[in-house]
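The values are calculated or read from the model by the stated rules, or taken from the named source; none is laboratory data. Quick caveat: nothing in here was measured; it's all calculated off a predicted structure. Ideal geometry is used to build each Cβ from the backbone, glycine not excepted, and the neighbour counts take in all protein chains shown.
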Amino acid sequence: MLNSKIGLKLTFGVVLTVLIAIGIFAYFNIQSENKSLLMEVERHANQFSEHLKADMGYDMLHQDRKRIREGIQRIGEQDSVDRIQVFNKQGEIVYSSDPTEVGDVVDMNADICERCHGEGVPLSSLEGQERMRIFRTDEDSPRMLGIINPVYNEASCWTADCHAHPPSQTVLGMLDVTLPLTEVDRNIRRSQMAIVVLAISVILILSLIVSLLVRWWIDRPVQELLKATKHVSGGNLAYRVEVTRHDELGLLAKSFNNMTENLAQARLQLFQSDKLASLGRLAAGVAHEINNPLTAVLTNSSYLLKRSQGQPEVIDDLKIIVSETIRCREIVKSLLDFARQTTPKKRKANVNEIIHRAATVLENQLSIGNVDLIMDLDDSLPRVTVDANQIQQVFINLIANASDAIGASGGTINITSKSINLSAKGVLQIKRALCRKRHDLVDRKVQIDGKPAISMRYRKKKDTGLIHLNPMYGSNEHRLNDMPAIETGVELQCPDCSTSLMAEGELCPKCEAPIYAFEVPLKGLVQGCLRDGCGWHRWEQVDSGWNDEYVEVRVTDDGSGIPKSQLPKLFEPFATTKGQKGTGLGLAVTWGIVDNHNGTITVESEVGVGSSFIIRIPVGS
Amino acid sequence: MKQLRDILVIDDEPTITQVVVKVCSAEGMTVTAANDVTEALECLEKCNFRLALCDIMMHGLDGFQFLEELDERGIHTPVVMMTGYSTMENAVKSLASTGAVDYIPKPFTADELLTVINRSLRCGKLLEDAESASLQRVGSLSYVPCPAKYYGLGYVSWVLMEDEGIARIGVSDLFLKAAQGIKEFELSLPGESLVQGVPCAVATSPDGSEHEIMCPMGGEILEVNEQAQSNPSLVEKDPYFRGWLYRILPSNPAADLRWLSS
């Protein structure tokens, strides 16, 4: 249990701090209370001693020894008084509350005598504190406060009738009063106890509150995160932590979720590229094995064709053998190109002718499957710059797929072609983006809608992170990691060199927010509004020189249709919907070819009604 | 004096050697077939050949080892390598070694084979003439070699590294002379990618044969020389300067340069 770690440590730390604080407070509090109580007792004892002395003085002047003795004994019997003694100059006890002591002579070295007789010459007067002493008679007895009060020789003493004291004498004797401190000590103990009880209860309450807060604020979310990391390390990359708070742990949870999502995406991509790599190896192996037999066929047939001039009945057949073998060669090449991701060899071509050629290749297959192929092609279609072999492969794939979707019962495939006009926005993908120091901003590790995103670093004071931009021109859609909506005061930078990507002094013509800009090599600047939600995007060179002419081809079948759940993954490699029948590569290759021609491929499908694949290819320069 | 024959073809697939023999014999050439490198070396002991046609991937000794053996024995027969599309990297590497003058990707048609053979025969002749001319210190070279700082892909094409990581690509004079002039160039378009060793242009000579020009360096085409396209004779007159074909943004120049000769 985590509570036993951080929670306990934190609680212990807080309790220790409180303990020390209360301890120091209690120590000084008790000290000062002790002091003030004692001072009060001392003042009281002093007064008591002075009163007693004044009272006795009167009786002494009248030589009323009996009254003095009785008075001392009576006062000495009170609880608040322990003992009263009167000494003469020689140390002999003259009067005492304990009559048995009368006549005893105290040792001049005793504590009480030391005060005046300690320094050789006896002192003639004692002041305030020096009169007091606190002592215990034995180990178990309560503390005692002793107060000695010297009886000075006064004019009234030597002028009295008895003439007992000569005027030269300064001190006549000592009055020693001993008071028990039982009451004071009890009060001190009581306040000490109160403070200890207070400290213990404060500590108990505090540790309870701290441990509850720790559990609520730290323990639970950390437990939740711990559980999530266990799930993720166990391979469940779909697990997400519930983010309900906005503190650091909430941010941690959010960033954990982001990390897991990125991890899942990276794993998927790794998986895909792994599949592509093995596809590449497979293609290379197939290409190598197939090359020699293909060479024999191609060289022999082309040699025969050369020698068969004037024999029209074989020339046509040989021409087909040669051209189809060359097509085989191109297929092998494009398979390797696909694995190597190179771009096609483009020439001006007529799409309608390519569609016809593709249909011819599949003629037999379609007639066996009772599939009618209806073509509605626009004769005025402009010639497009394409790799004819690759585009033919696209149509062969689409027609073969349509035929498979129709199945054994037969049906119809419609192919239409027409010329359309499309704006660059929403069609053109930004495939390269450079900062001023020519670092590539396109981040192949992050994909938006399956396309590598454009990554930029945002900075707002100390806050910084990555922002990913949808690479489709015209979308200007940001995807942020842990970042509040973009607003003023935010600067975008190149993630590699931190060069600013902001367009200085320029504002969005739509909403007047700051704008960013980056360069597409050979294709000018792309600018966009920084404010989230404002879709302003400008690519001047493309907008001005954009040829909005596109050729659109629709291949429609009335087959089984594709379930909605399979549509998003349709163009991924190995995402076959045909089970054992397909390789799962057809549509991936098709997508790759169309993408390499800067075209788009989309699908509209309804289960039970049929599917339509729509290909749009730019007419180009 | 050893007998002089035209072609020695080496491949471990008999169907390939058979068809090469058939096609070349029909053109009146004398052809000898060998099924492996050892056999080919034996043939070279007995006869001189004007050209050897050698597969790269073979059982036993391969095409590279064949080139090494020729070099060791001081045999200067020009060699054309044959290779499948999937092992194009090997073909590029073979041009970096001595002896190989050209290569032809498999599978090929009879015409493509004859075009490469005829061109390579003429190329071998030009090289031989140039060598004897320099030995006898008479006359001038019948072709202009690549200028300094240019890198050549064998005798086929050249690349010049310019500032800011941009490269210029063209075709070598020896290739143009061996092709006996060009009447038309078919060039790729800006924005397309080129791969080293894969054809980047097709040159048609006056006799109608189409010569594929192997690309010396991979990358993206930035600019196509319109003048070369509209006026092919410019390339023939000034192949290294005004007659360039493409300006490209190389994708991996350091790796590509390893297989080029300067």
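For this structure, a couple of remarks:
- Residue count for region B:167-196, restricted to those that are touching a helix residue (DSSP H, G or I) at 6+ places or on another chain (Cβ under 6 Å) and closer than 16 Å to B:Gly218 by Cβ: 1
- Within region A:255-266, residues that are more than 16 Å from A:His231 (Cβ to Cβ) reach no partner that is part of a helix (DSSP H, G or I) with beta carbons closer than 8 Å at six or more positions or on different chains.
- The residues of region B:22-57 that are of a type in the set (S, T, N, Q) and touching a strand residue (DSSP E or B) at 6+ places or on another chain (Cβ under 9 Å), listed by number, are B:Ser25, B:Thr30, B:Thr32, B:Asn35, B:Asn48.
- Of the criteria (1) assigned to a loop (DSSP other than H, G, I, E, B); (2) within 30 Å of B:Ile16 (Cα to Cα); (3) within 14 Å of another protein chain (Cβ to nearest Cβ); (4) modelled with pLDDT under 90, which one B:Phe108 fails: (4)
- Only a single criterion out of (1) farther than 25 Å from B:Ala96 by Cβ; (2) in contact (Cβ under 8 Å) with a residue 12 or more places away in the chain; (3) surrounded by 14 or more Cβ atoms within 10 Å (Cβ to Cβ); (4) not small (Gly, Ala, Ser) is not satisfied by B:Pro14, namely (3).
- Considering residues of region B:113-126 that are under 23 Å from A:Asn292 (Cβ atoms) and surrounded by 21 or more Cβ atoms within 10 Å (Cβ to Cβ) only, the residue farthest from the other protein chains (Cβ to nearest Cβ): B:Ser120
- Residues in region B:51-72 that are under 21 Å from B:Leu121 (Cβ atoms) and surrounded by fewer than 14 Cβ atoms within 10 Å (Cβ to Cβ): 1 in all.
- Yes/no for B:Val20 being closer than 16 Å to B:Ser120 by Cβ and within 13 Å of chain A (Cβ to nearest Cβ): yes
- Residues located in region A:300-316, provided they are more than 14 Å from chain B (Cβ to nearest Cβ) and part of a helix (DSSP H, G or I): A:Pro312, A:Glu313, A:Val314, A:Ile315, A:Asp316
- Test: residue in region A:249-264 that is at pLDDT 85 or above and either under 30 Å from B:Gly84 (Cβ atoms) or acidic (Asp, Glu) (or both): no
- Yes/no for A:Gly7 being within 30 Å of A:Ser207 (Cα to Cα), part of a helix (DSSP H, G or I) and in contact (Cβ under 8 Å) with a residue 12 or more places away in the chain: yes
- Where strands (runs of 3 or more DSSP E) sit wholly within region A:340-399, those with at least 3 residues that are within 14 Å of chain B (Cβ to nearest Cβ) occupy A:347-349, A:384-386.
- Residue, nearest to A:Val332 (Cα to Cα), within region A:554-601, restricted to residues that are of a type in the set (Lys, Arg) and at pLDDT 80 or above: A:Arg554
- Some residue of region B:30-50 being within 16 Å of B:Gly124 (Cα to Cα) and within 13 Å of chain A (Cβ to nearest Cβ): no
Results for (1) polar (S, T, N, Q); (2) modelled with pLDDT of 90 or more; (3) closer than 27 Å to B:Leu127 by Cβ, shown as yes or no for each residue.
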residue: B:Leu189; (1), (2), (3): no, no, no
residue: B:Pro199; (1), (2), (3): no, no, yes
residue: B:Cys215; (1), (2), (3): no, yes, yes
residue: B:Arg258; (1), (2), (3): no, no, yes
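- Residues satisfying the stated conditions in region B:6-16, i.e. assigned to a helix (DSSP H, G or I) and either under 20 Å from the mean Cα position of the chain (by Cα) or within 8 Å of chain A (Cβ to nearest Cβ) (or both): B:Thr15, B:Ile16
- Within region A:202-212, the set of residues being under 13 Å from A:Gly13 (Cβ atoms) and aliphatic (A, V, I, L, M) comprises A:Ile203, A:Leu206, A:Val210.
- Region A:60-85, subset buried (at least 17 other Cβ atoms within 10 Å of the Cβ) and over 30 Å from A:Arg186 (Cβ atoms), residue farthest from the chain's Cα centre (by Cα): A:Met60
- Selection status of A:Leu441, modelled with pLDDT of 80 or more and within 14 Å of chain B (Cβ to nearest Cβ): no
- Reported count of residues in region A:497-539, each being of a type in the set (Lys, Arg) and either within 14 Å of chain B (Cβ to nearest Cβ) or under 21 Å from A:Arg459 (Cα atoms) (or both), is 2.
- Exclusive hit being in the same structural domain as A:Ser97 (by TED's automatic domain parsing), surrounded by 12 or more Cβ atoms within 10 Å (Cβ to Cβ) and touching a helix residue (DSSP H, G or I) at 6+ places or on another chain (Cβ under 7 Å), set A:Ile147, A:Ile134, A:Ile195: A:Ile147
- Annotation: A:Asp79 fulfils all but one of (1) within 29 Å of A:Cys157 (Cα to Cα); (2) not in a helix (DSSP H, G or I); the unmet one is (1).
- Residue list for region A:230-254, restricted to those being out of contact with any Phe, Trp or Tyr (no Cβ under 8 Å at 6 or more places or on another chain), in a helix (DSSP H, G or I) and either buried (at least 16 other Cβ atoms within 10 Å of the Cβ) or without any contact (Cβ under 8 Å) to a residue 40 or more places away in the chain (or both): A:Lys230, A:Ser233, A:Glu248, A:Gly250, A:Leu252, A:Ala253, A:Lys254
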